[in-house]
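Working notes, structure below.
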Amino acid sequence: MRRYYVDNIRWIIILLLVPYHAAMAWNVGGEPNYIYFESNKIISSIVVFFSPYFMPFMFLIAGISTRFALNKRTVGQYVLERTKKLLIPFAFGTMLIMPLVTYIASKFNYGYQGDLFRHYAVFFTHFRNCGS
């Protein structure tokens with residue numbers, strides 16, 4: 001039987017992540033981000049307030065969901081299902097979206113001089129959070 005309260009908690013947390021990540025651009029706490037605007041303490045308070053809660057809640061919900069999922073399928077079926085559902089979007093994002101985002105951030109925030117195609121080599125060989 002599906003537990004709708006688990007689904008509701010999950011979508012509420014995910015929905016709250018949108019303003020949280022948008023507020024990161026104004027964060028005054030010094031936490032690195034790909035896009036920076038001027039510091040704003042009021043908007044930054046969103047980040048400070050929610051930071052300790054998002055990841056623990058996400059792991060808790062993932063654990064609860066896994067427990068319920070394993071009641072209906074074998075471990076092998078579950079691993080195969082998760083691999084299909086998570087590995088393809090992860091590979092797509094890593095190969096296409098993240099190099100573009102880091103290129104834009106590197107170009108406008110850190111003065112990167114190369115083009116997008118040259119940045120692909122930088123992205124896949126220099127494993128840092130921000131910068132070129």
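Okay, here's what the table says:
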quantity: Residue in the stretch 75-96 that is among the hydroxyl-bearing types (Ser, Thr, Tyr) and within 28 Å of Ala23 (Cα to Cα) present; calculated: yes
quantity: From the options Thr66, Thr94, Thr83, Thr74, residue that is open to solvent by 70 Å² or more (accessible area, probe 1.4 Å), at pLDDT 90 or above and not acidic (Asp, Glu); calculated: Thr74
quantity: Selection from the stretch 109-132 of residues that are modelled with pLDDT under 80, surrounded by 10 or more Cβ atoms within 10 Å (Cβ to Cβ) and among the aromatic types (Phe, Trp, Tyr); calculated: Tyr110
quantity: Residues of the stretch 3-27 satisfying the condition of being under 20 Å from Thr66 (Cβ atoms) and either in a loop (DSSP other than H, G, I, E, B) or acidic (Asp, Glu) (or both); calculated: Arg3, Asp7
quantity: Given (1) within 22 Å of Asn27 (Cβ to Cβ); (2) assigned to a loop (DSSP other than H, G, I, E, B), number of the condition Arg73 does not satisfy; calculated: (1)
quantity: Any hit, the stretch 108-130, residues being over 30 Å from Asp7 (Cβ atoms), in contact (Cβ under 8 Å) with a residue 40 or more places away in the chain, among the hydrophobic types (A, V, I, L, M, F, W, C) and not in a helix (DSSP H, G or I); calculated: yes
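The values are calculated or read from the model by the stated rules, or taken from the named source; none is laboratory data. For clarity, every value in this text was computed on a predicted model and none was experimentally measured. Please note: Cβ atoms are built from the backbone with ideal geometry, for glycine as well, and neighbour counts cover all protein chains shown. Ligands, DNA and RNA are excluded from the accessible area calculation, which covers all protein heavy atoms including side chains. Shrake-Rupley method; radii C 1.70, N 1.55, O 1.52, S 1.80 Å.
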